[in-house]
Every structure is written in structure tokens, then in C-alpha cells.
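The values are calculated or read from the model by the stated rules, or taken from the named source; none is laboratory data. Values in this document were obtained by computation on a predicted structure and should not be read as measured data. Because the Cβ atoms are built from the backbone with ideal geometry, glycine has one as well, and the counts that use them run over all protein chains shown. Accessible surface is based on the protein model in full, side chains and every heavy atom, while ligands, DNA and RNA are left aside. Shrake-Rupley method; radii C 1.70, N 1.55, O 1.52, S 1.80 Å.
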Amino acid sequence: MRSLFIALLLGTLALATTDVAWSITKGKDGEGMTSTQLNTHFGFSAAKWVNPANYPLSCVDGRNEAPSFGTTGGDFGEYLLAVETYAKYGGDTCQIALDALFNQFVESIQPRKFYWHTDEHVVHSIIHTMNLSDIDLIHPASDVDMEVLSSLLIQPEFVGCGHVANILRNPQLYTIAKVDVVQRVILSFFHHAWSSAEHRKMITLDILKGDHNETAACTVTVRANGEAEESSTGEYEYEAEVGKYPLLAPRNHNTLVASFIMHPQVIDQFRALLGPFFVAALAHETDTHVAVVPTLSQFRAQMDALGGIHTSRTLYTLARALPWYSAEVTLNGSLHLGAGVYVGIVILVLLFAWAAGYALWITYRYYMQRKAAMAGGAAPVPIETQALKGDFKQLP
């Protein structure tokens, strides 16, 4: 019985993984992890597969130890791209307008939280600069000078996200004409947090710990049924077929080995939320700021082009000496990882049904034995004793 159960369980696990094939290729040489070490580091075969609609985009930053999806700057970096594109089409970028847009967008994606990060070094620097004993950046104490704090949060040395700090230091490299727009978007994030407890629940400001020690950069893509169709823009369109993607931790908590990581397909899905939102915002400003409202495809093309510049600039700055890898998983079959799981569930249900039926049969035989023994005046032998001895022949 035990051997049968173990065999069925192992068979189920095998079915759950046989339709997944990982392939790792090196795109750029550098000093760091080999492809084998990268595979061990991420544990691709054991990754948790989830619907990205329910998870925020974290940063590519390798100090993150939580299984996550990655992009440069996290949700904030992607949102900043959309604002910059919106600004290029004449959108209103005053602080009041940007605050209102941020509030509306964050509310529109609930219950999914909006993610950005800083790090412990920046938090300590702010505490030291403001002569404080401690600080909660998204819910400062009443005695904190908010004007001073606001002035610090928009300076690159007090921004713990390397991507956004680099944009503030070198806006021209990111084709950003006005750095003050970036600063206002930063303040919009904190204004949202400071406005109410309800708003604070909608966002995450992660405080990453430690120093950078990444030894590779990796993009992760998923290919359904072994094929992908290339669109006119050169992007692969197979996200709708796949549905789920692997969460991976950039830094291993035990070994502290780290890698920059990006999920291009998950990034594309988030931009699919940002595009319509900002095109609609531009449409509401035709009487004041906007002369011509772009189509969604025009807005996305502009946003994607800017995104390519932002990503390449940041990764070149942070990871230019490291090897760059592309990890691709091919899913063979429409059920993907779930096929084996479904088979396993059916097998387990059948096993439990069999066990329940067997227990009922034992109980019935015991009842009949006891009834016969009481009729004959003899004390029945406990059926448990017979079962333990394997003496089922003595059962009436």
C-alpha cells in the first residue's frame, strides 16, 4: 500500500514537470556566473508559476531576496516611462496633475499593489542628514520636517533605486528633457503614501538590504508550445497563450549569490495597463494642453522605444562587466505545469475514496462480528487485533 502510494506520487510529480524545458543561452561574455551556476542559483525547475496580474513588478536589483518579476525600477520605473511618453505628447506635468494621475492609476490596479524600492543605505543617510533617530518614509512621524524630507527624496544620492538615481544624474542619456518631471513623479509616489492610511495599503516601498554583488544579468521568457510569432515591432507575442510565468528570487538568501533579472513578457503586460490609462488622460486634456491625441499603438511604440533606451542604459551602467544570459522555458501542451497536478489530484481523490470504502468495510465487518458474538454469548476479538496480525481469514 505504501509503495503504491509513493509510486503514484512520484509519477504525479514527474508528469508535473515533463512538459517544461529550460534553455539558457549567453548573450554577452563577462566575469561572473556560468550558465550552470545560473541554473542552480535560480532553481528554474522548482520555480513557482503564477499569474502576473496579481503580482507587482519588482526592480532588476539583485539585492531582492523575494521571488518576483523584474524590470528596471519596478512598477515605478515603468510608470515613469508612461509619464515621460505622456509628457512628450503635451500632457500636463504640474505637481497637482501628476499627483491626481498617480492616485487614479494606483487605485485602478487594485488589489495589485504598486511597487518601488529604496535601500537601507539611503534610509540611514536621510536619518543622519535630518538628525533623526529613525524614520518611516511612507508614514513619517508628525515631528518630521516634510519640506526638508521632500527636498531630499528627489536628489539622486537619496534615491535607493539605482535605475531612477541614474536617470536623475544623467537625464540626457535617458532622452529626458526635463528632470523636474522625474522629481515630481517621485513626489507623487510619496504624496500618495502620506495622504492616508488607505493609500499606504495600495503601495509597497521595499527597503533592500546589503550591497550589490550581482554576478550575472538574465532575462526570462516563456514560449508556449515551442513556438512564438514575431510581430511587426519585433516583439514576440505569446503572452496570452502562456498565462503564467515563473517567480524567481534575484538573490539567494542562503548563498547570497545574486543576479539582475528581467521578465520582458510580464513588463509588456504592465505596459498594456499603462498605455490605455495615459491615452485616456491625454484625451481629457485636448482643451488645455494636448493638440493631437495619439492612438494606443502610437503611444505604446513611443513608450517601448523609450523603455529600450532606459533598460539598456541602466543595465550597461550596473552590469556592463557581467555575463548576460537569456533563459527561455518552452511549455509543451496547453495545460503547461498544471497537467500533472490535475492527474495527481484525480489519483489522490481515488486513493482517498478507496481508503474510505475500505474503512467502511472494516467497520461493517466489525459490527457483524460483534453482533454474532453477542448473540452467541462470546466476547468478540477486536478487529484491530486481527488486522494488525493480518489474520483476515478469521473475520466472519
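Data table
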| item | result |
| --- | --- |
| Output for the range 190-217, where each listed residue is assigned to a loop (DSSP other than H, G, I, E, B) and either within 27 Å of Asn39 (Cα to Cα) or in contact with a Pro (Cβ under 9 Å, 6 or more places away or on another chain) (or both) | Met202, Lys209, Gly210, Asp211, His212, Asn213 |
| Hits in the range 127-161 - residues which are touching a helix residue (DSSP H, G or I) at 6+ places or on another chain (Cβ under 9 Å), over 16 Å from His191 (Cβ atoms) and open to solvent by 70 Å² or more (accessible area, probe 1.4 Å) | Thr129, Ser133, Asp134, Glu157 |
| Qualifying position, being modelled with pLDDT under 95, surrounded by fewer than 16 Cβ atoms within 10 Å (Cβ to Cβ) and farther than 16 Å from Val329 by Cα, among Glu235, Glu198 | Glu235 |
| Helices (runs of 4 or more DSSP H) fully within the range 24-118 counting 1 or more residues that are within 22 Å of Pro156 (Cα to Cα) and in contact with a helix residue (DSSP H, G or I) (Cβ under 7 Å, 6 or more places away or on another chain) | 74-88, 95-108 |
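Yes/no per residue for (1) touching a strand residue (DSSP E or B) at 6+ places or on another chain (Cβ under 7 Å); (2) surrounded by 22 or more Cβ atoms within 10 Å (Cβ to Cβ); (3) at positive phi:
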site: Gln95; (1), (2), (3): no, no, no
site: Glu107; (1), (2), (3): no, no, no
site: Lys113; (1), (2), (3): yes, no, no
site: Trp116; (1), (2), (3): yes, yes, no
site: Glu120; (1), (2), (3): yes, no, no
site: Ser125; (1), (2), (3): no, no, no
